[in-house]
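Notes to accompany the following structure.
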Amino acid sequence: MENNENFASGYVSIIGRPNVGKSTLLNTLLGQKLAIVTPKPQTTRHQIRGIMTTDTHQIIFVDTPGLMEVSKYRLHTEMVKAAYSALGGADVVLLVIDVSRQREGEGAGEGRERQLLARLRRTNAPTILALNKIDLVAKETLLPILASYSEQYPFAAMIPISARTKDGVSLLMEHVRDALPPGPRYFPEDQVSDLPERFFIAETVREKILLLTQREVPYSTAVVIEEFQRRDTGIIYIRAIVYAERQTQKRILIGKGGTLIKRIGEQARRDIETFLDARVFLELYVTVKPDWRRDARQLRDIGGFMD
């Protein structure tokens, strides 16, 4: 790490409730797709770190799982722990809310959001409020929301944005940069994440499962990359295991005559080839691990959560 008194750097934790647009915002800030995005809540399961480096600053954005209510699954407990743990090392906190939900009566400080504001009061990091999805609401609805949140917490800034259309994102970035402390480059300037390729490949497969299946099936699956091999031909061979909790879920994932798992594989392969900038041969296998979401050992082995 090199020190430069004119250089700023730090970790920016992106936090909020499920489906408020945290992953979309991360991808927009970085200018490339790093986190998977679906219309379904609870898409993000782990902290996903994306790195932005310029001549004047380096920002490590940390996307986190959505803060959900208490669940019967240990998986959800671990996801909430992963979200809150991102506050510990944050230099700046970016709290994202969905203003279109506020219009439906989900006001500031309810449920998990109220707990989060209480936790933020115990941190020293400046917190910026990003009021996301302004493209879905009338502008006059924003003032009461801004007033409500300003009463609840002393935010360093409150910025209306649309992560999807990029409206307000440049202003948000200005406030993030201004809040960064002086610091070194933690990572090489061409590095975009500290997570391995296998993680993003598994996430890409899981994204397609989320998009192409319904009800409990997408939430009961996990993806593990069993083999990743660059062959002499230039093709990358990838073998991935898709875990389900029930035989019925396995049958749904495979589909009649293997049609669905083939479709999942085809869509995932195209995105993986773009990500790796190489030709890919992707093989998917589906197997059953009963109740893996409730079991601590299996969460570590196939879910990627550490004890």
* Asked: Taking segment 67-91, which residues are without any contact (Cβ under 8 Å) to a residue 60 or more places away in the chain and either among the acidic types (Asp, Glu) or crowded, with 22+ Cβ neighbours inside 10 Å (or both)?
  -> Glu69, Met79
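Please note which helices (runs of 4 or more DSSP H) are completely contained in segment 241-307 and include at least 1 residues that are at pLDDT below 90.
Values: elements: 247-254, 259-276, 296-301.
Filter on segment 241-307 gives 296-301.
Could you count how many residues in segment 155-174 are in contact with a Lys or Arg (Cβ under 9 Å, 6 or more places away or on another chain) and either closer than 16 Å to Leu116 by Cβ or not charged (D, E, K, R) (or both)? If you could, list the steps in order and put the result at the bottom.
Keep residues of segment 155-174 that are in contact with a Lys or Arg (Cβ under 9 Å, 6 or more places away or on another chain), which gives 160-164.
Filter again for either closer than 16 Å to Leu116 by Cβ or not charged (D, E, K, R) (or both), leaving 160-163.
So the count comes out to 4.
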* What is the number of the single condition among (1) in a loop (DSSP other than H, G, I, E, B); (2) open to solvent by less than 10 Å² (accessible area, probe 1.4 Å) that Leu94 does not meet? -> (1)
* Under the condition of being within 16 Å of Ile14 (Cα to Cα) and of a type in the set (D, E, K, R), which residue from segment 96-120 is modelled with the lowest pLDDT? -> Arg112
* To do: Taking the options Thr233, Thr259, Thr221, Thr248, name whichever one is free of Cβ contacts under 8 Å to residues at least 40 places away in the same chain and within 20 Å of Ile48 (Cα to Cα).
  => Thr221
* Check on Val192, assigned to a loop (DSSP other than H, G, I, E, B) and either modelled with pLDDT under 95 or under 17 Å from Gly50 (Cα atoms) (or both) -> yes
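Name the single residue that is surrounded by the most Cβ atoms within 10 Å (Cβ to Cβ) among those in segment 173-200 being under 30 Å from Val224 (Cα atoms) and among the acidic types (Asp, Glu).
It comes out as Glu197.
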* Residue satisfying condition, being surrounded by 15 or more Cβ atoms within 10 Å (Cβ to Cβ) and more than 30 Å from Ile59 (Cα to Cα), within set Leu284, Leu210, Leu276 -> Leu284
* To do: Report yes if some residue within segment 25-35 is open to solvent by less than 10 Å² (accessible area, probe 1.4 Å), assigned to a strand (DSSP E or B) and of a type outside the set (S, T, N, Q); otherwise report no.
  => no
* Subset of segment 135-170 [of a type in the set (A, V, I, L, M, F, W, C), closer than 17 Å to Gly16 by Cβ, in a helix (DSSP H, G or I) and open to solvent by 30 Å² or more (accessible area, probe 1.4 Å)] -> Leu136, Leu146
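The values are calculated or read from the model by the stated rules, or taken from the named source; none is laboratory data. This is a predicted model, so every value here is computed, not measured. Glycine gets a Cβ as well: all are built from the backbone with ideal geometry, and neighbour counts include every protein chain shown. Remember, those area values only see protein heavy atoms, side chains included, never the ligands or the DNA or RNA. Shrake-Rupley method; radii C 1.70, N 1.55, O 1.52, S 1.80 Å.
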